[in-house]
Each structure stands twice: as C-alpha cells, then as structure tokens.
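What follows is a single structure, written as structure tokens, with notes after it.
Any read-out appearing in this document is the output of simple, stated calculations on the displayed coordinates, not a laboratory observation. Only a predicted model underlies this, so the values are computations on that prediction, with no experimental measurement involved. Counting neighbours? That spans all protein chains shown, and the Cβs are built from the backbone with ideal geometry, glycine included.
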Amino acid sequence: MATNVAIALLLFLSCAQIQVLNARQQQQQQQLRFDKGKGEFRILQVADMHYADGRTTPCEDVFPNQAPSCSDLNTTAFVRRMILAEKPHLIVFTGDNIYGFDSTDAVMSMNAAFAPAITSNIPWAAVLGNHDQESTLSRQGVMKHIAGMKHTLSQFNPPDVHVIDGFGNYNLEVHGVEGSGLVNKSVLNLYFLDSGDYSTVPSIPGYGWIKPSQQFWFECTSIKLRKAYMNNPEAQKAPAPGLGYFHIPLPEYASFNSSNFTGVKQEGISSASVNSGFFTTLVEAGDVKAIFTGHDHLNDFCGELTGINLCYAGGFGYHAYGKAGWSRRARVVVASLEKTEKGGWGAVKSVKTWKRLDDENLTAIDGQVLWSKPSAGKLHFFSFQAGVLEAVISDCVVLVVILKTSGDALA
C-alpha cells in the first residue's frame, strides 16, 4: 500500500510541475481568442504540402495538360486562396510540410512553404510528419526553425518538461470573447503532438507512434485545463472541448467503413504497426472531441468512434502523391459560442467542419457537426489511464486516485 501511495503522489507531483510550467508558457505566448462579432473561432488545416524547391519542383498525379505549368507554387497559391476565402483565426499545418528528399535546403523550403501564413499576419502552428527531416536539417533542427518563425505559435516542446519524446508537443488555449465572463478562461483547447516518423525499434517495422511520455504530458495538461475551466471564477459544469492535431493516423482510423463516416476512403490506413493506446488515453480524458491528421492523402473522411471524431484533411500539396482529377483539398473547423441569458457570448456550443477543393470556386463539401454541447444537468464521468477518475456532478468535483495495479485507492 505504501508503495502504491508513493506512486500516486509522484504522479500528482509530476502533473503539478507540468501545470505550473504550462501556466507560465501560456502567459508568454500570443493569446488566441474567439471573435467578438460572430462568436466563433475558425481553424484552417493544411495537410501534406510536400513543398520542395518551388518553381522547379514538379506536381505529382495531375493530368498531362496540367503538368507543364504546375509546381510547388500551386501549393502556396492554394494556401493564399484558402486564407482569403475562410479568413481563419489560426492556420494549422499537420506535417510533411516539406518533402525532404526533394528539398535542397530545408530552411529555404520551410520559409517558402509557410510564407503565405506569415505574410497574412495570421497566427499559425505546425507539427512534423515523417518527411520533414529528410533534407538538410534533423528533425530537431526542423522544429527549432519552425518555432522561431514569424507569427508562429509552434513550440519546440513544453518548456522545462525534460522527459518527452519527439519535437513539437505543445498546447494552445483559445479564450472567451473580450468583455464576456469567460474572457480569462480557455473555452477551446488545442493539443499538438509529434506522431513520429519511423519506428526506431528493429523488430517493429513501419511508422512511428505517440509514446507514453507524450501521453503523460497530454494527461497532465488536460487535467490542468479542466481544473481551471471548472473552478471559480465563472466555474463551468463540464470541461471545455478539445481538438488534437498530429500527422500519422491512429490505428483506430481503420475502424470505419463507407457507411459510418463523411468523406472518402481511397487507400489503406497507414498507421503505426504498434497501437500505443493513445486513443484510449483520449477517451479516458474525456475532453477531446476530434483529432485531425494527414499522411494518407487520398483519405479525407471524418468518423466518430467512442465520442471522438477521427478526421483526415485530405492531401493539400501538389508535390504530394494524389489522384488525377481528385482535387487537392483543405479542412476547415469552426467552433461557435452559445449566447448567454443576458445576450452575451458564453461557452462553446458546437464544433463544425467542412472541406474546400482547389477548383475554380473553392467548392465547399462534406459539412458536418462534430460536436454539440450536451444539455445541462447530465452527469459526466472522466477517467484517466494514469489512474485518475473525476466524477463531475454540477459544481462538485470529486477527485479519486485509483491504483489499477492493486485496487488500492488514495482519496
């Protein structure tokens, strides 16, 4: 029993340290906030640009008559068109931002690929895919460069969290409208993770996966955000919704068939051959309502599994493999606030999504509601793989530590 109690206390101390550091980190970065006029926050997801050397880089999988005039510049032109059409509050690049094998200079490729976001003066964030490090910079070097670029909210890793796998694990908070009761609370939480490139275990082939250290960081960050949101001032009865962004899809993406998702599935799910349990971690945390990936360019579907939407963006870049006649595309996500009894803006009431095609009209397709705020008065249970169970009943929060190894509990 004493050993189990010590383990539980160590878990809480570790999480507490991360919570303090995360609070400091959020104070230092630019604050994201919902739009006061429409009460919404709009995110543009760009997956798999595969940018290389610009004008001299050919397009892949286009019709023969398109090829002579098609290059990386078509990719950045599409980014600009999407920015003008959607006017996002945040642009998220979900990996394979550059295609390292064909990039002669990683810094030049990144500078050109992210230029439309930078010149728009819109905040942007990025994670790494499996190809970003294949040019002249290491994976670490690529993320360091991204984190230092103008207008980016990307972070190399959580400050002072020394034990975490990968590069580019961080979270962003989106606060309530200026002048509202939730002005100082994060009403929408965004989690960014490095899903790796390739397995480093000789006996395990294939792609990388989200490691236990990253999952532990996510759990601690989720606990911190929920506690802040559900405590005074302006205590809320349920956690704020969260969204997750990373590159390689989880194995659970293979759970769907054409009858239970919106969009298309035109190729297999290229996830890691190891299931590291991150989907279970997300389900147990309870706040993340949707995750967004890239990697499989010919898939663009969203399907719900155990209360979480698993979404692809579809291939964006013209130097990435695709399918002639199947337009490159981008995903848009819009979170909308509810109106309070006094007519002001309150908490998030819904999260919607659609895609736009890079055709003449930037055609919008596959609109769907990913999440709607449940009716008041319901009992919500949230458990944690690390051993924490929260029962949220109205304004009362009961925190119990469950030691799964022995069944002993510390309350």
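A few remarks follow.
- Neighbour net charge for Gly315 - beta-carbon separation under 12 angstrom, K R +1, D E -1: -3
- Chain lengthening between Thr136 and Asp359 when straightened (0.36 nm per residue, less Cα-Cα): 76.9 nm
- Under the shape rule built on the C-alpha gyration tensor, where the axes satisfy a ≥ b ≥ c, segment 55-140 is oblate, since a/c reaches at least 1.5 while a/b does not exceed b/c.
- In this structure, the amide hydrogen of Leu370, modeled 1.01 Å from its nitrogen in the peptide plane, lies closer than 5 angstrom to those of Val351, Lys352, Thr353, counting only residues at least 5 positions away or on a different chain.
- The calculated FRET efficiency for the pair Ser350 and Ser375, based on their C-beta separation and a Förster distance of 22 Å, comes to about 0.95.
- Residue among Gln133, Ser154, Gly317 farthest towards the positive dipole end of segment 29-378, charges placed on Cβ: Ser154
- Sum of side-chain charges, Leu84 neighbourhood, beta-carbon under 14 Å (Lys, Arg +1; Asp, Glu -1): +3
- Extending 7 Å from Cα along the Cβ direction at Ala324 and again at Asn231 yields two label points whose distance is 6.1 nm.
- Reported to the nearest whole Å, the Cα centre-to-centre distance from segment 321-343 to segment 46-72 is 25.
- 20 Å reach of a label modelled at Thr104, 7 Å along Cα-to-Cβ, counting backbone N of segment 58-78: 58-60, 69-76
- Whole-Hz couplings from phi, Karplus 6.51/-1.76/1.60, listed for segment 118-127; x for Gly and Pro: 5, 5, 6, 6, 8, x, 9, 9, 9, 10
- Each residue of segment 149-164 was assigned a 3J(HN,Hα) from its phi angle through the Karplus expression (A = 6.51, B = -1.76, C = 1.60, θ = phi - 60°), giving 7, 5, 6, 8, 9, 4, 10, 4, 5, x, x, 6, 8, 7, 10, 8 Hz with x at Gly and Pro.
- Approximate spin-label separation Phe63-Val264, in nm, with each point projected 7 Å along Cα-to-Cβ: 1.5 nm
- Extension gain for the segment Glu341 to Val274, taken as residue separation times 0.36 nm less the Cα-Cα distance, is 19.3 nm to one decimal.
- Backbone HN-Hα couplings from phi across segment 357-364 [Karplus 6.51/-1.76/1.60, Hz, Gly and Pro as x]: 9, 7, 10, 4, 10, 6, 4, 8
- Label point distance in nm, Ala115-Arg81, each placed 7 Å from Cα along Cα→Cβ: 1.8 nm
- All other residues whose Cβ lies under 11 angstrom from that of Met49 are scored, Lys and Arg at +1 and Asp and Glu at -1, for a net of -3.
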